[in-house]
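What follows is a set of notes on a single structure, which appears directly below.
The values are calculated or read from the model by the stated rules, or taken from the named source; none is laboratory data. Predicted model, so just to flag it, every value in this text is computed and none were measured. With ideal geometry, Cβ positions are generated from the backbone for all residues, glycine too; neighbour counts draw on all protein chains shown.
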Amino acid sequence: MFSFTVMAITFGTVFLAELPDKTALAGLMLGTRYRASYVFAGVAAAFLVHVCIAIAAGSVLTLLPQWIVQTVVGLLFLAGAMVLLFKKDDGEEEIKPPQDQSFWKVSGAGFMLILVAEFGDLTQIMTATLAARYENPVSVGIGAVLALWAVAGLGIVGGQALMKRVPLRLITKVAACLMLALAAFSLYEAISG
């Protein structure tokens, strides 16, 4: 059954966690070199693949006893918050441009870049965790896909303007605080039964 609340929670969590990620910067770089719609098509397809994988992994977690799932979910949120709080900015990744501006070359480059860069990424793990937490794969999947697509769109079209107005550290801290709150809530539910 679809839940707008679960979708909104997922959207907010994934959106904030993905904003400071290197893939948003990679989308920005591709978007400045190539046609934005071509880049977005490839990036959006790659994110859809990642969310499907994460939802499947999260659905498997729901087969475990509820207290174990809540404990694992809480610990994963806690780990995610720690990653965001203590991650170092180690520069931008080098992106090799395709030889021409055709749709298939540009969207293929965006797809492959995101597919490889995001595999096992924090937002994919968070999506699986949210799917296990709420046992609502459709709502979590839609929220995660929309969040990732929104960040990709911002990165491709207006990333530079956003980063000039909102410090990256502030976005990261807000995402980490949200994840700490979700970790505390999940661990409380695991303990209280």
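Numbers at a glance
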| item | result |
| --- | --- |
| Tally, over region 129-155, of residues that are buried (at least 24 other Cβ atoms within 10 Å of the Cβ) and among the hydrophobic types (A, V, I, L, M, F, W, C) | 9 |
| Enumeration of residues in region 119-134 that are part of a helix (DSSP H, G or I) and either of a type in the set (A, V, I, L, M, F, W, C) or in contact with a Lys or Arg (Cβ under 6 Å, 6 or more places away or on another chain) (or both) | LEU122, ILE125, MET126, ALA128, LEU130, ALA131, ALA132 |
| Region 82-116: number of residues that are modelled with pLDDT of 65 or more and either in contact with a helix residue (DSSP H, G or I) (Cβ under 7 Å, 6 or more places away or on another chain) or small (Gly, Ala, Ser) (or both) | 14 |
| GLN160 being at pLDDT below 80 and either in a helix (DSSP H, G or I) or surrounded by fewer than 22 Cβ atoms within 10 Å (Cβ to Cβ) (or both) | yes |
